Amino acid sequence: MKIKWVILTLIIAITTVLTGCEPLKVLNPKGPQAETTADVIWISIMTMAVVVITVIALYIFYVIKASRRPDDYEPPYIKSNPIVESLIVGVPVLIIIFLTVVTVKSLYVVEAPPEIYENQEPLVIYASSSNWKWHFSYPEEDIETVNYLFIPTNRPIKFKLYSYGPISSFWIPQLGGQKYAMVHATTTLHLAADVPGEYMGRNANFTGKGFAEQTFNVKAMPPEEYEKWVEEVKATAEPLTKKKFDELLEPGHLGQLTFTGNHLGFSPPPMSHGEMSSDTEETDSGLSMQPHESKDKSGNESD
Amino acid sequence: MKINHSQPLEYSTEHNRFSILGFWIFLGAEIMLFGTLFASYFVLVDHTGNGPVGAEIFEITPILMETIFLLTSSFTIGLAIHAMRVGKQKAMITFFIITLLLGMGFLGYEIYDFFMYVHEGATIQTSAFTAILFLTLGTHGAHVTFGLFWGSVIITQLIKHGINYETANKSFIFSLYWHFLDVVWIFIFSFVFLKGMM
Amino acid sequence: MDFFNRFAIPNPTPTIYASMVAIALTVIAVIIGLTYFKKWGYLFREWLTTVDHKRIGIMYLISALLMLFRGGVDAIMMRAQTAVPENTFLNAAEYNEVFTTHGVVMIFFMAMAFIIALMNFVVPLQIGARDVAFPRLNLLSFWLYFVGAMLFNLSFVLGGSPNAGWTSYFPLAGTQFSESVGTNYYMWALQISGLGTLMTGINFIVTILKMRAPGMTLMKMPMFTWSALVTNIIIVFAFPVLTVTLLMGTFDRQFGTNFFTMTNGGDDMLWANLFWVWGHPEVYILILPAFGIYSEVIPTFTQRNLYGYKSMVLSMVIISLLSFMVWVHHFFTMGQGALTNSIFSFTTMLIAIPTGMKIFNWLLTIRKGKIRFTVPMLYSLGFIPLFTIGGVTGVMLAMASADYQYHNTMFLVAHFHNVIIPGVVFAMLAGLTYWWPKMFGFMLNEKIGKWAFWFISIGFCLAFFPMYISGLDGQARRMYTYSAETGFGVWNMISFIGAGMMAIGFIIIVYNIYYSIRYSPRNVGDDPWNARSLEWATHNPVPEYNFAVTPQVNSSEALWDAKKNGHKLFKGELKEIHMPNNSGLPVIMAVLFFVFGFSFVFSIWPGVILSGVGIFSSMAYQSYMKDRGKHISVEEIKETEAKFGGGKK
Amino acid sequence: MKELFPRKQVMGFVFSLILTAVAVTVYFFDMSFEVGSTILLVTAFVQAAVQLVVFMHAGETGDKKAIYTSTFYGLIIALVTVFGSLLTLVWAYY
């Protein structure tokens, strides 16, 4: 009977930790998208807790009863009862319908630009991974950073993700869920930060030897401060050349680097024909259902 | 070995019935094998990279010839099984040999096709499209090639032992295999070639 | 000299050299031992060439246990490396190899082999057959599996282990990022053993459909046989996908094609897609037989019939279909958008319904029962709550929007271990203990067995529950190290302790086997558990021909029916029994396949061609071969039956 | 000689030749993508059914159920795989 107590203690322990003083990153959101997912997670934890508690309560009750039968007890032959059977199908069906509604709704929310900042022009950042670094290009500001990301708070950020190598996954747990960065398709991830602060960002998908260290720092700051930082970069940083960029792509680790200019011109992201030049804001702002650029169909990859 | 004479020879023993059912289930697996190839083909059909697209390399004449060869061979192997059931050993072997010859004709045209593709600069390494094209056709072609060897082995046994419960069983299973390859070809013909040239 | 360079290990360490020496010494010791005790002939005649499903089952079992320890050592090494922040026990390259082999070995060579072992041993007995439909093919299946496993393990000492994860995503697994032959090993080991698995699938479907005892309709089959049937259906339709996928991977790596490459139109997402088209059904291939085992064990030790037989069958059939329709949930984050993810979220959650049905049916079986706390029952009782937790976290992961946060984290790792260990591993241990007397004629020690159970289950909770937490705190999976500031240290330390306890548990099981072989009483009778299904109606251990007289059945619990309602199972006289002969050809083909796989891994084309020709020649030879089997005479049967006590006719 | 060419099989063969001819029209005549695809789908699946029933004798024994079940099971799953893959890898991106 020990096992039940072990499980109960563990469940209690888990809940204490989940709600405890130092909240877990995923459950401690700092932006609207992460808030949505955290809400979904809480809804699912609560629903599932009800399920688990029901099952375990029934289990404990039945097991205790069944282990204390008198010696002369002969277990009966029982046919299944249609009412009971429909109950154990029906209740899960209802739960699944509920969770599906929650999922679908939240999916359309997290795949679209954050609603509360709807009327603001999103800041577009191209985030690309190479073994084992992250490159961030700011086309509007015409600057580029490596392994760190500065963003303004209270403004939607539209990340365009792609990779110069293995499939990577771009993830800032406190701002929202992750999305793959791949060679052939540019994926789009909408995030925003409500609160200034420093957040952990990393590649979550295994990419080989240097995977564990493929992280980046995210610093969210008020817009004025962000503007100041951009100006500063423009004044002090060196320009990014193709030669320099190719050097950066070599496998290995790098510290935090800052450049003026960006690699989008000479090493464009994978994208459908002609869409690059006209930029992408207008073309897909209405396509929240399809966060992807159309894939490279004719195969004009740069190789 | 218990032989049940109320059944056609190929079904007459327990083991024969097991083998035929087992082979049908194997064909179920083969459906999935080619299904996966088709899925990959449809995904990669536009991934032509710097290489040619399907319409540029496909030619209707050899493809039609291949189709007619294989369709006819599927018919003749059906006739061979019919001849077997009415006990005409000689006719059966003749149809069997015709089937294999038609199969060889098919294979010849397919190899010719492959040479033409390579000649036009579409090797298996050219692009994702050419790779999946060669793999899909090649898998089918390899099945046909294997069938030719298998069929020859069965013919030698037929000549040596005549039609008995063992050779009948093997021939019947071979006929299932051969018809199945025809079915697969129909899908390749329709959805790889005709759709590609449409 | 160039020729031999290819066999060098890319990251040699003293550990690997030590292992090489150890492997060489073990091989030499085994060879000397066999020669000294003059056991070569016995081994070859009685085991390696046997077509007896029971012996093949036991060979699978031994291989599975060996692989369990290989994979287990990998697991301990991983947990040890991550137990403290910034640990240097393993470097990144070694860690990557270790978690890759852990995954592959555990899934393909341990879990698959274990379930196939039990299916081989139990299914023909449960349906009252003398063997499987194609006994020689069955032996070939075993050998292909074994060759695959050996080939894979060889990578450790020759040429380097695969290191791109058990999912082997391209382009990481392509030649550009994985230069060593490790991934070639992965491709060919899985290809060859997958071929064997496919044959097993066909073999068992025909066996179950065509060889049941008179009176045993489909709806009177024991539940484990039902689960085996459904599992094999999934195998037959899922494994061809793996075949094609691996072939494409091989072509990319060895023939320079561009299926998944970064140039010329290659599509890295296609590998992920195809891998999981096979990969998700694979999960159910593992779990359904486990459900079958619990459905045998729970009624036996609650001493009543299984609740809701029909709904149990129906739920498995539904699971088998749904299992092919959910694969996208393994890469919700690939960017297919809200619509596609919504569809696959929904289908994924649907699986919870038939699974939930099963859980409740087991609970309702316990309800009016009378529990005997034996080791198999303990594992089943441990399974229900732990698997429920694993199952509900599965539903949580199925919610795509939330999955964006769980994906690729320790939360996911915790989830799938939480279903696989209480689900599959507990079932295998329950099945092993339950059918052990059937296999060997004596019981495993119950007291030691219970110790092992407690170590394993408590160890399991300690090892995997903390991962849920560190996952939610942002610990990605497959990280060989992390810094102290992340705060993951404490959770990983608990995990390590738990893993250690599990290791102790498994060592106790080994000790139990040793102890029971030496001290366990040998005369346990034919029905030591007071069981319900047909396999217990024959002797322990089972004679070669299984049943002297083919039983006649009219209940899904045939033996119980016989014991309680006086149904007569064995009617009629003893007759001559026809049995298949042993065959050496599968062994020869195994050698040829090994040469083929090995040569392909290292691109040694003459070896590939020669062994390929050899394989086809063996198949042709098989076609010409006349082998009508042998007959066991009535006298011989009488003699054997008398030796077993002759209680049953 | 006549007994070697059973009516059923000859008819089946002629029918499959006709189906092939119909399918080839998509090459020789100009037609929209939808019409062409429909023609191909119909002719291919009818043709497969002809082979299955006429030539492969799928329904002639007591194992009929098992044979049809495994064939359709394979077919359904293959279609799910094809369209699921297209949905995930191609259509979701347009």
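The values are calculated or read from the model by the stated rules, or taken from the named source; none is laboratory data. Source: prediction; values computed, not measured. Counting neighbours? That spans all protein chains shown, and the Cβs are built from the backbone with ideal geometry, glycine included.
Evaluate the range A:113-135: report whether one residue or more is in a loop (DSSP other than H, G, I, E, B), surrounded by fewer than 23 Cβ atoms within 10 Å (Cβ to Cβ) and aromatic (Phe, Trp, Tyr).
no
Name the single residue, out of those in the range A:206-262 being among the polar types (S, T, N, Q) and more than 14 Å from chain C (Cβ to nearest Cβ), that is nearest to residue C:474 (Cα to Cα).
A:256
Out of the residues in the range C:1-43 meeting the condition of being hydroxyl-bearing (Ser, Thr, Tyr) and assigned to a helix (DSSP H, G or I), tell me which one is nearest to residue C:70 (Cα to Cα).
C:19
Collect the residues in the range C:518-536 that are part of a helix (DSSP H, G or I) and surrounded by fewer than 23 Cβ atoms within 10 Å (Cβ to Cβ), keeping them in residue-number order. Lay out the reasoning, then the answer.
The initial filter retains those residues of the range C:518-536 that are part of a helix (DSSP H, G or I), namely C:518-519, C:534-536.
Scanning the range C:518-536 gives C:518, C:519.
Considering only residues that are in a loop (DSSP other than H, G, I, E, B), in contact with a Pro (Cβ under 8 Å, 6 or more places away or on another chain) and at pLDDT 90 or above, look in the range C:537-550 and name the one that is farthest from residue C:440 (Cα to Cα).
C:550
When only residues in the range B:48-107 that are of a type in the set (Lys, Arg) and free of Cβ contacts under 8 Å to residues at least 12 places away in the same chain count, which is nearest to the other protein chains (Cβ to nearest Cβ)?
In this case the residue turns out to be B:88.
Residues that are touching a residue at least 60 places away in the same chain (Cβ under 8 Å) and either under 23 Å from residue C:155 (Cβ atoms) or within 14 Å of chain B (Cβ to nearest Cβ) (or both), at least 3 per element: which helices (runs of 4 or more DSSP H) completely within the range C:570-649 meet that?
Once the helices (runs of 4 or more DSSP H) in the range C:570-649 are filtered for at least 3 residues that are touching a residue at least 60 places away in the same chain (Cβ under 8 Å) and either under 23 Å from residue C:155 (Cβ atoms) or within 14 Å of chain B (Cβ to nearest Cβ) (or both), what remains is C:585-601.
Residues checked against (1) within 19 Å of residue C:304 (Cβ to Cβ); (2) of a type in the set (Phe, Trp, Tyr):
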position: C:520; (1), (2): no, no
position: C:525; (1), (2): no, no
position: C:534; (1), (2): yes, no
position: C:538; (1), (2): no, no
position: C:545; (1), (2): no, yes
position: C:552; (1), (2): no, no
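Identify the residue in the range B:122-137 that is more than 17 Å from the chain's Cα centre (by Cα) and without any contact (Cβ under 8 Å) to a residue 24 or more places away in the chain and, among all such residues, is surrounded by the most Cβ atoms within 10 Å (Cβ to Cβ).
Looking at residues that are more than 17 Å from the chain's Cα centre (by Cα) and without any contact (Cβ under 8 Å) to a residue 24 or more places away in the chain, I get B:124.
Within the range C:469-490, which residues are at the interface with chain A (Cβ under 9 Å from one of its Cβ atoms) and in a helix (DSSP H, G or I)?
Hits for the range C:469-490 are C:469, C:470, C:471, C:472, C:486.
Kindly establish whether residue A:107 is of a type in the set (A, V, I, L, M) and under 30 Å from residue A:183 (Cα atoms).
Considered against the rule, which asks whether it is of a type in the set (A, V, I, L, M) and under 30 Å from residue A:183 (Cα atoms), residue A:107 comes out as yes.
Does the range A:235-254 contain at least one residue that is at pLDDT below 90 and either β-branched (Val, Ile, Thr) or within 27 Å of residue B:49 (Cβ to Cβ) (or both)?
Among the residues of the range A:235-254, not one is at pLDDT below 90 and either β-branched (Val, Ile, Thr) or within 27 Å of residue B:49 (Cβ to Cβ) (or both), which makes the answer no.
Quick one: count up the residues across the range C:218-254 that are within 10 Å of chain B (Cβ to nearest Cβ) and either touching a Cys at 6+ places or on another chain (Cβ under 7 Å) or β-branched (Val, Ile, Thr) (or both).
7
Could you check the range C:320-337 and list, in sequence order, the residues that are facing chain A (nearest Cβ under 7 Å) and in contact (Cβ under 8 Å) with a residue 12 or more places away in the chain?
Start the filter on the range C:320-337 by keeping residues that are facing chain A (nearest Cβ under 7 Å), which leaves C:333-335, C:337.
Residues satisfying the conditions are C:333, C:334.
Could you count how many residues in the range C:13-64 are free of Cβ contacts under 8 Å to residues at least 24 places away in the same chain and among the charged types (D, E, K, R)?
Final tally of qualifying residues: 4.
If I ask for residues that are buried (at least 21 other Cβ atoms within 10 Å of the Cβ) and either within 8 Å of chain A (Cβ to nearest Cβ) or on the phi > 0 side of the Ramachandran plot (or both), which ones from the range C:456-468 would you list?
Within the range C:456-468, C:457, C:461, C:465, C:468 qualify.
Take the conditions within 30 Å of residue A:172 (Cα to Cα), in a helix (DSSP H, G or I) and within 10 Å of chain A (Cβ to nearest Cβ) and apply them to residue C:340. Does it pass?
Yes, satisfied.
Being in contact (Cβ under 8 Å) with a residue 24 or more places away in the chain and either more than 7 Å from chain B (Cβ to nearest Cβ) or outside any loop (DSSP other than H, G, I, E, B) (or both) is the filter; apply it to the range C:255-272 and report the residue that is surrounded by the most Cβ atoms within 10 Å (Cβ to Cβ).
C:260
Here's the yes/no breakdown for (1) under 30 Å from residue C:169 (Cβ atoms); (2) buried (at least 23 other Cβ atoms within 10 Å of the Cβ):
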{"position": "C:446", "(1), (2)": "no, no"}
{"position": "C:454", "(1), (2)": "no, no"}
{"position": "C:470", "(1), (2)": "yes, yes"}
{"position": "C:475", "(1), (2)": "yes, yes"}
{"position": "C:487", "(1), (2)": "yes, no"}
{"position": "C:508", "(1), (2)": "no, no"}
{"position": "C:516", "(1), (2)": "no, no"}
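When you go through A:86, A:67 one by one, which is the residue that is more than 7 Å from every other protein chain (Cβ to nearest Cβ), under 24 Å from residue C:384 (Cβ atoms), of a type in the set (S, T, N, Q) and surrounded by fewer than 17 Cβ atoms within 10 Å (Cβ to Cβ)?
So the residue among A:86, A:67 that is more than 7 Å from every other protein chain (Cβ to nearest Cβ), under 24 Å from residue C:384 (Cβ atoms), of a type in the set (S, T, N, Q) and surrounded by fewer than 17 Cβ atoms within 10 Å (Cβ to Cβ) is A:86.
Answer yes or no: is there a residue in the range C:491-506 that is in a loop (DSSP other than H, G, I, E, B) and crowded, with 20+ Cβ neighbours inside 10 Å.
Start the filter on the range C:491-506 by keeping residues that are in a loop (DSSP other than H, G, I, E, B), which leaves none.
No, the range C:491-506 has no match at all.
Looking at C:411, C:440, which one is surrounded by fewer than 24 Cβ atoms within 10 Å (Cβ to Cβ) and out of contact with any Ser or Thr (no Cβ under 6 Å at 6 or more places or on another chain)?
C:440
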